[in-house]
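Student: Here's a structure for you.
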């Protein structure tokens, strides 16, 4: 090679990965066609995201954009499901319309999961309740209190949001909590709230407020079965039961 010749680029596998555009792929290898012929379970996460995104950009194929999206959230679908529209739009090739489509699909997946859990109807352990609550609190960045209403057969009648903010600030909601329980003829209540900090250990305010609510419930003959606190990590043991800790008798 002469000294004046331009240096050739090294397209080794280390620094270059070729991802064909959808239109350049064999029809049998395209994500939509693969889903149609083999079912959704046969596709990778990147391929499923590419179907939702539909099109790529001038510079990148839709598969490249889907791959970059997943990479941005550390390859974690759970992290991606909690992302905001603004966070998703930081990926080159994803505008607000595509981000909204993803958020809508993620929300439908969450609701389907909630329906599946609620089909159990009767919950016998704190762990079963915690599994449901992890879905309900997914993506929450503020502390929220939820009330689970149960009938005499321990079947869930309704789950409602009772407050937004630290548990120690809910005193003004106590009357409303029990008013609704009386109107619904709830036999039992389960309290639940999240700790966005990630640590589900109850605070002094958590303990005091819970015990105050338990006393009110006894006066009205509406038993509070438990108060479950959920942390932010998506693990099966990241919750506490205040009944198991001895704060509810």
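Student: Does the range 22-114 come out rounded, prolate or oblate by the C-alpha gyration tensor, with a ≥ b ≥ c the root eigenvalues, rounded set by a/c under 1.5 and, if not, prolate when a/b is larger than b/c and oblate if not?
Tutor: oblate
Student: Using Cα-Cα distances under 8 Å and only pairs 6 or more residues apart, what relative contact order does the range 22-114 have, in percent?
Tutor: Here the relative contact order equals 20 percent.
Student: I need 26, 244, 206 ordered by Cβ neighbour count within 10 Å, fewest first.
Tutor: So the residues, fewest neighbours to most, are 26, 244, 206.
Student: Pairs of Cα atoms under 8 Å, at least six residues apart: use those to get the relative contact order of the range 122-241, whole percent.
Tutor: Computed over the range 122-241, the figure is 28 percent.
Student: Can you put 21, 243, 134 in order of Cβ neighbours within 10 angstrom, beginning with the fewest?
Tutor: Lowest to highest Cβ neighbour count: 21, 243, 134.
Student: P(r) for the range 122-241, please, calculated from all Cα pair distances in 10 Å bins and given in %.
Tutor: Spelled out per bin, shortest first, that is 14, 50, 33, 4.
No lab work stands behind these numbers, since they all come straight from the coordinates. The structure displayed is predicted, hence computed values, not measured ones. Quick reminder, even Gly has a Cβ in these numbers, built from the backbone with ideal geometry, and neighbours come from all protein chains shown.
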